Amino acid sequence: MGRVVLDPGHGGIDPGAVAGGVKEVDLCLSITVKVETVLMNMGHSVTHYVAPVGVPDSLAARLAYANKVKPDAFVSIHANAGPPTGNGFEVIVNPSPTDLYVAKSRRLADRILAVLDNRTPGKNRGRKEMGLYVLNQKRPCCLVEVGFLTNKKERGYITSKEGKLAIAEAIAWGINGFLS
Ligand SMILES: [Zn+2]
């Protein structure tokens, strides 16, 4: 069993992407809580970062939280924004830390992608490598973009009760597979 930190995107006064009346921050938190429940039912120790209310979001505070808890895996959960036709899920890994952690982060990302691919209807955009600040960690970590809020059809799925649950279960099973 492992220790996991989940990082729901955005918070405080920062809503993230907003489309079709949906705020990214709300969707991310909703999915995060579901991922947390599934992982805890599997016996993992899970917490998620809680952004303070009414202040600008701080990626440094998220990093500090991760460095305090020292989890076996850190997974940030976001939804994408782009052109109206953009669709699909992807998982981002930061290639800048030492080789050991990058290799593990890639494995974590690929596990999550594989289950999302099996269990949800979205297009698999694959693993991306980007020097994201919040992924600048010496531990396995990745950032999941669950789909595009700016795509009307995909927004319908990723914000539906069934879609959120399927996505959350897929992320949880992916993390569990990595930790097993
Ligand atoms: Zn975001």
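Once the principal axes of the Cα atoms of the stretch 122-180 are found, what is the range along each, listed largest first in whole angstroms?
37, 27, 17
What does the charge count around residue 11 come to, taking other residues whose C-beta lies under 11 Å from its C-beta (Lys +1, Arg +1, Asp -1, Glu -1)?
Details: positive: 23, 62; negative: 7, 14, 24, 26, 57.
With Lys, Arg at +1 and Asp, Glu at -1, the neighbours total -3.
Based on the Cβ-Cβ distance from residue 103 to residue 14, what FRET efficiency comes out when R0 is 30 Å, to the nearest 0.05? All intermediate terms of the calculation are to be shown ahead of the outcome.
Numbers: r = 32 Å, r/R0 = 1.07.
The value I calculate is 0.40.
For the stretch 1-20 and the stretch 33-92, what is the separation of their C-alpha centers, rounded to whole Å?
5 Å
Hey, what's the Kirkwood Rh for the stretch 4-52 if you take every pair of different alpha carbons, in angstrom?
Working: mean 1/r = 0.0878 Å⁻¹.
Kirkwood hydrodynamic radius for the stretch 4-52: 11.4 Å.
Average projected area of the Cα convex hull of the stretch 1-108, in nm²? All intermediate terms of the calculation are to be shown ahead of the outcome.
Details: hull surface 32.0 nm².
Result: 8.0 nm².
Can you quote the Å³ per residue value for the convex hull of the Cα atoms in the stretch 54-180, rounded to an integer? Could you put the intermediate results ahead of the total?
Numbers: hull volume 15.2 nm³, N = 127.
Cα convex hull per residue, to the nearest whole number: 119 Å³.
Sort the following peptides by mean Cβ neighbour count (other Cβ atoms within 10 Å, averaged over residues), highest first: 115-128, 54-67. Kindly include the intermediate steps, with their values, before the conclusion.
Values: 115-128: 16.4, 54-67: 14.7.
Peptide ranking by packing, descending: 115-128, 54-67.
Values quoted throughout were computed directly from the atomic coordinates according to the rules given, and no laboratory measurement underlies them. Since we're looking at a predicted model, the values are computed, not measured. When we count neighbours, we look across all protein chains shown, and the Cβ atoms used for this are built from the backbone with ideal geometry, even at glycine.
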